[in-house]
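One structure is given here, and the rest of the page talks about it.
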Amino acid sequence: MRNVRVGKVARGLSLQFRTPHSALRICLLLASCTPITTRPPFFPDRRAPVVTLNARPEPVTLGIDSLVRAESLEVAHLNVRDGYVETAWYDTKTHRSAHHEREIHDLDATVKLRFWADPWVPGQTRLTVEPVYRPRYDPSKTERDLEVILSKDDEGYKIAMSLVEKLKKRFGVPKAAQGS
């Protein structure tokens, strides 16, 4: 696009501008893409367990939802399209979900599970499971800054891994991933 027609001189304009068509197309393409997602604005912790399943992300996400609810955990966030499931804070001693931070009485026993179901190769999903707890409460920091991955001995970690085992039985694991 130009501010003058080809072959004519613009009178009174000291600076002419020119926008290449390719740059304009890129801008229009970027403007048409909506980067809206219900996933949190952070990535899973790099220490979180990862498993590969023989299914697309959508059925895996729905399977996580049904298994989490069957374990009496409350789902706080679910989006099948984004492949994301997050539970509410869950007290592993009282076996109750907390709807608000004021309802959390034992920080060490209260956990949250997050699941990221990402496409891997066609027909497979890379599932990242993040079982976390907060060792302390600090209103000056974000919730994420206070979260710590559970150790393998914690009850919340065992709940998360039992869900993963049920997903493995339901969907199967690729032969290449069975050795690990």
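Listed values, structure above:
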| read-out | value |
| --- | --- |
| Total formal charge among the other residues, if their Cβ is under 13 angstrom from that of Asp45, Lys/Arg +1 and Asp/Glu -1 | +2 |
| Cβ-based net charge around Leu62, under 12 Å, with every Lys or Arg adding one and every Asp or Glu removing one | +2 |
| Gain upon complete extension [Lys169, Phe43; 0.36 nm per residue less C-alpha separation] | 42.7 nm |
| Estimated inter-spin distance, Val121 and Arg96, nm [label 7 Å along Cα→Cβ] | 4.8 nm |
| Rounded percent of accessible protein surface that carbon and sulfur make up, the range 137-180, 1.4 Å probe | 49 percent |
| Solvent-accessible area per residue for the range 91-142 (1.4 angstrom probe, square angstrom) | 58 Å² |
| The range 82-125 - percent of accessible surface contributed by carbon and sulfur, probe 1.4 Å | 52 percent |
| Selection from Thr92, Pro139, Val173, by position along the positive dipole direction of the range 51-180 (Cβ) | Val173 |
| Full-stretch length increase - Asp153, Asn54 - with 0.36 nm per residue and alpha-carbon distance subtracted | 32.8 nm |
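The values are calculated or read from the model by the stated rules, or taken from the named source; none is laboratory data. This one's a predicted model, so the numbers in the text were calculated from it and none came from an experiment. No Cβ is skipped: glycine too gets one built from the backbone with ideal geometry, and neighbour counts run over all protein chains shown. For the accessible areas, the whole protein counts, side chains as well, though only heavy atoms, and no ligand, DNA or RNA atoms are used. Shrake-Rupley method; radii C 1.70, N 1.55, O 1.52, S 1.80 Å.
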